[in-house]
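Encoded as C-alpha cells, the structure appears first; notes follow it.
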Amino acid sequence: MPKAEVHVHLEGAIELADLLEAAADADAALPGPAATLFDPSTHRLRPGGSELSTYLEFLDWVGSLYGSRQRLARLAYRFAARQSASGVRYTDVIVNPSHWGAWRHDLPGFFDALASGLDEAEADGLAPVGLCASIERGQTAAEAAELASIIAERRPRRVVALSIDGDEGRHGRTAARFADAFDIARRAGLGRTVHAGESSGPEGVWDALTLLHADRIDHGVRAVEDDRLVAHLAEAGVSLGICPSSNLALGVVDRLGVHPVQRLMESGVVVTINSDDPAPLATSIEAEWAMCAAAFGWDGSTLVDLARASVRASYASAEVRAVLESELDAQAAHAEHAELDRLGATARLLEATP
Ligand code: ADE
Ligand code: ZN
C-alpha cells in the first residue's frame, strides 16, 4: 500500500545495534546495560521524572553520540532505507536539534548534514524524506524563535515544517510562549505540526490550533474528551498523527480496544496511523497498521482511505503526492474489483446450489 508516515522521530528510529555502534565510536559510556537501553527503567536517569520526560533525557544521550557530519548523514540515509523497507513512500520525520548537543551552535550545519544523507538516499532510489524541525516544550521563546528564523530565512534543504514535541505534562500550558516562532514559520509558508493532546488534554489541542495555527496535530488523541473540539477538527480537516503503541506504552490509553482512533474516525476527523518512536517501542508502521486493522476490523477500503489521508496530511511536494494518489486510485479500483469478483463468485455458487 503506497503510504506516507507523518509522525515519527529520527531520535526514536535508531536501532539498538546502531546506537551501540555509535556509542562505541564516540567512546561514550552507556546509560545502562546494552541489552536494556530501550527499557523504560534504563531511561530513568533522573529519579521521579515522568516516563516521557525521562525518555526525552535519554534522547539527549542518543543525540550526543552524533557529533560528526558524516555520522549524521549516514544516520539519515539509514532512516530513509528503514522507511522504504516498510513500504513508506514519503516521510515527514521530526528532528529536535535540542537533543543533538554538538550541533547547538551550528543548526544550519546540522540540517545540511541530514539533508545530504537524505539526498544520497533518494539518489539511490529510496523514498524521499522531509524534515520537521522541532522545538522542545521546555525551551525558551528566544530559542524557539531562533530555530524558526533559521528555517524561515536560510531555508535549509528538506526542512518542510516547524514542530513542537516534548512533555506538555511537565511544562504546562506553554503554547503562548511559542506563538512568535510559529508566526515566523507561517509567514514563511512552512508547515506547522504540534504535539498536543498526549500529555495535555483537549486544551493543549485548542492552544495548538488557536495560538500556533497548527495545520496538523501530533497525537491529539485526548481531543476525544471535548465534543466541540472533535467537531472543529472534523470541520477544519486538521489531521491527527495517531501512534497507538506509543499511547499504550505511555499510559495515554489503557488498551488498544478502547483507543479513541475509531471514535475520532467515525466523527469525521482525519487520522493517520504512525509509529512515533519505533525503535524503543519495538514497533514499525506496518505493525501499527496491522494491529489497528485487527482490533477495529478495518477492511481494504478503509486502509486505502487511511493511506490517502497520510499522503494528503503530509508535507510532500505536489509531484510526490500526485504520484501516490494515482497509485492509490488504482489500488482502490483493484480492491473494488476484487470485492465484486468475490460477490460474483458467491452469487454463482448460490445459483449453482440446489
Ligand atoms: N519526542 C519523542 N517522542 C515523543 C512523544 N511520544 N511525545 C512527545 N515528545 C516526543
Ligand atoms: Zn511524537
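FYI, it's all coordinate maths here, none of it is from the lab. Computed from a predicted model, the values in this text were never measured in an experiment. Cβ coordinates were reconstructed from backbone atoms using ideal geometry, including for glycine residues, and neighbour counts include every protein chain displayed.
List of remarks:
- Helix 285-296 and the longest principal axis of the C-alpha atoms of the chain enclose an angle of approximately 50°.
- Its relative contact order, with pairs defined as Cα atoms under 8 Å and 6+ residues apart, puts the chain at 18 percent.
- Degrees between helix 300-313 axis and first principal axis of the chain (Cα, 0 to 90, nearest 10): 40
- Peptides ranked, highest mean first, by Cβ atoms within 10 Å: ranges 234-246, 252-264: 234-246, 252-264
- Volume per residue of the C-alpha convex hull in the chain, rounded to whole Å³: 151
- Calculated [θ] (222 nm, deg cm²/dmol) that DSSP helices of n ≥ 4 give over the chain, each run adding -39,500 (n - 2.57): -15500 deg cm²/dmol
- Region 1-72: radius of gyration and largest Cα-Cα distance (Dmax), Å: 13.6, 43
- Distance in nm between pseudo-label sites at A176 and S317 (7 Å out along the Cβ direction from Cα): 4.2
- Mean Cα-pair separation over length for region 238-326, i.e. relative contact order, pairs under 8 Å, 6 or more apart, %: 29
- Here's the picture: charge each Lys and Arg Cβ at +1 and each Asp and Glu Cβ at -1 in the chain, and of A123, F111, L233 the one pushed furthest to the positive end of that dipole is F111.
- Between helix 227-236 and the chain: long-axis angle, C-alpha atoms, 0 to 90°, nearest 10: 80
- Inter-part distance where region 170-234 and region 281-344 are each reduced to a Cα centre, Å: 26
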